[in-house]
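The values are calculated or read from the model by the stated rules, or taken from the named source; none is laboratory data. Remember, it's a predicted structure, so these values are computed and weren't measured experimentally. We place every Cβ from the backbone using ideal geometry, glycine too, and count neighbours over all the protein chains shown.
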Amino acid sequence: MTVYFIGAGPGAADLITVRGARILAASPVCLYAGSLVPRELLDDCPADARLVDTAQLDIEQITAELVGAHAAGHDVARLHSGDPSVFSAVNEQMRRLDEADVPYEVVPGVPAFAAAAAALKRELTVPTVGQTVILTRIAQRATAMPEGEDLATLGRSGALIVLHLAARYVDRVVEELLPHYGADCPAAVVAMASRPDELILRGSLDSIAEQVKAAGVIRTAVIMVGRTLGAEQFRDSHLYSPQRDRHSC
């Protein structure tokens, strides 16, 4: 039997992939993060499925559930918010499944930053303005950041920065990025992206912190800072240019 790590998407129940929904509907066991995964998704589980909310479980308890289901001959849908490739804590689960010789697969999902960009109606890469996106977070009470991945260092690139898990530390974000991006650099915060209570805040680097605090945003949000967020005058992409040779390989 197989454990499927499924990206449940950013919040809206209909943003799970077709593959993810199909596996969910066929799995007799489902583990999900109750504080992050939309409850409506569980309606797609089999009527008699075992549903396990992992919000209060530690890694060993989660592993016991996965290994136990496999031993009982059941496929497991392990739902993670967003996409499993970013800030999902699947690595430690997969490592333990490797040790237990339990097979698993990963089903990608829509990441939070993509849903935030959609809400903002923005392409994050803009020709001649910015072609690099940095996905990161800051260390506070969580695991320390590796050396060289602090905001002061990453900010030197001037690339669009997308911060997860940082809304409650927005003052620190602004302080560390101001020297590199400038007070007038476009910034945005999207909370609860794709959900009915989605909140979009737009401004500049020197104004966004006050908006975040006034709105009471502390979690389930991404912060974006970069010039591409406000780009209006830029060259068209070469992809669809009339001058592009579409006959050569």
Worksheet entry | Total residues in the range 165-188, condition part of a loop (DSSP other than H, G, I, E, B), within 24 Å of R219 (Cβ to Cβ) and out of contact with any strand residue (DSSP E or B) (no Cβ under 8 Å at 6 or more places or on another chain) | 1
Item to complete: Could you please give the count of residues in the range 20-33 that are surrounded by 15 or more Cβ atoms within 10 Å (Cβ to Cβ) and either out of contact with any strand residue (DSSP E or B) (no Cβ under 6 Å at 6 or more places or on another chain) or part of a helix (DSSP H, G or I) (or both)?
Response: 6
Practice prompt. Return a yes/no flag: does the range 66-83 have any residue that is among the β-branched types (V, I, T) and farther than 21 Å from R50 by Cβ.
Written response: no
Worksheet item: For the range 75-94, does any single residue satisfy the condition of being farther than 27 Å from A188 by Cα and either assigned by TED's automatic domain parsing to the domain that holds V189 or assigned to a loop (DSSP other than H, G, I, E, B) (or both)?
Response: yes
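Considering R78, R50, R39, R22, which residue is under 18 Å from P103 (Cα atoms) and basic (K, R)? Show your work before the answer.
Working: R50 fails: under 18 Å from P103 (Cα atoms); R39 fails: under 18 Å from P103 (Cα atoms); R22 fails: under 18 Å from P103 (Cα atoms).
On inspection, the qualifying residue turns out to be R78.
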Response to the item:
Listed by first then second residue, the pairs whose first member lies in the range 23-36 and is without any contact (Cβ under 8 Å) to a residue 60 or more places away in the chain and among the small types (G, A, S), whose partner is assigned to a helix (DSSP H, G or I) and surrounded by fewer than 23 Cβ atoms within 10 Å (Cβ to Cβ), with beta carbons under 6 Å and at least 6 positions apart or on separate chains, are A25/D44
Practice prompt. For the range 193-230, enumerate the residues that are touching an Asp or Glu at 6+ places or on another chain (Cβ under 6 Å) and at pLDDT below 95.
Written response: none
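Scan the range 126-151 residue by residue and report those that are touching a His at 6+ places or on another chain (Cβ under 8 Å) and among the hydrophobic types (A, V, I, L, M, F, W, C).
Residue satisfying the conditions is L135 alone.
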Item to complete: Of the conditions (1) over 16 Å from the mean Cα position of the chain (by Cα); (2) surrounded by 16 or more Cβ atoms within 10 Å (Cβ to Cβ), E105 clears all except one; give me its number.
Response: (2)
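Select from the range 197-232 the residues that are touching a residue at least 60 places away in the same chain (Cβ under 8 Å) and either surrounded by fewer than 16 Cβ atoms within 10 Å (Cβ to Cβ) or assigned to a loop (DSSP other than H, G, I, E, B) (or both) and write down the one among them that is farthest from the chain's Cα centre (by Cα). So that I can check it myself, show each step before the final result.
In the first step, residues of the range 197-232 are kept if they are touching a residue at least 60 places away in the same chain (Cβ under 8 Å); the result is 198, 200, 202, 220, 222-229, 231.
Applying the additional criterion that residues be either surrounded by fewer than 16 Cβ atoms within 10 Å (Cβ to Cβ) or assigned to a loop (DSSP other than H, G, I, E, B) (or both) yields 198, 200, 220, 226, 231.
Working: E198: 15, I200: 16, T220: 10, G226: 18, A231: 23 Å.
Ranking the qualifying residues of the range 197-232, first place goes to A231.
To keep it simple, each residue is scored yes or no on (1) small (G, A, S); (2) crowded, with 16+ Cβ neighbours inside 10 Å.
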position: A72; (1), (2): yes, no
position: H80; (1), (2): no, yes
position: A116; (1), (2): yes, yes
position: E123; (1), (2): no, no
position: E147; (1), (2): no, no
position: T153; (1), (2): no, no
position: L160; (1), (2): no, yes
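Give the residue that is farthest from the chain's Cα centre (by Cα), with candidates limited to residues of the range 139-164 that are within 20 Å of A183 (Cα to Cα) and outside any helix (DSSP H, G or I). Quick ask: steps written out before the conclusion?
First pass over the range 139-164, keeping only residues within 20 Å of A183 (Cα to Cα): 150-163.
Next, from what is left, pick out any that are outside any helix (DSSP H, G or I): 150, 158-163.
Values: D150: 19, G158: 21, A159: 18, L160: 16, I161: 13, V162: 10, L163: 10 Å.
For the range 139-164, the residue satisfying everything is G158.
Here's the yes/no breakdown for (1) in contact with a Gly (Cβ under 8 Å, 6 or more places away or on another chain); (2) aliphatic (A, V, I, L, M); (3) assigned by TED's automatic domain parsing to the domain that holds D75:
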position	(1), (2), (3)
G9	yes, no, yes
L15	yes, yes, yes
R22	no, no, yes
S27	no, no, yes
C30	no, no, yes
S35	no, no, yes
L42	no, yes, yes
I59	no, yes, yes
I62	no, yes, yes
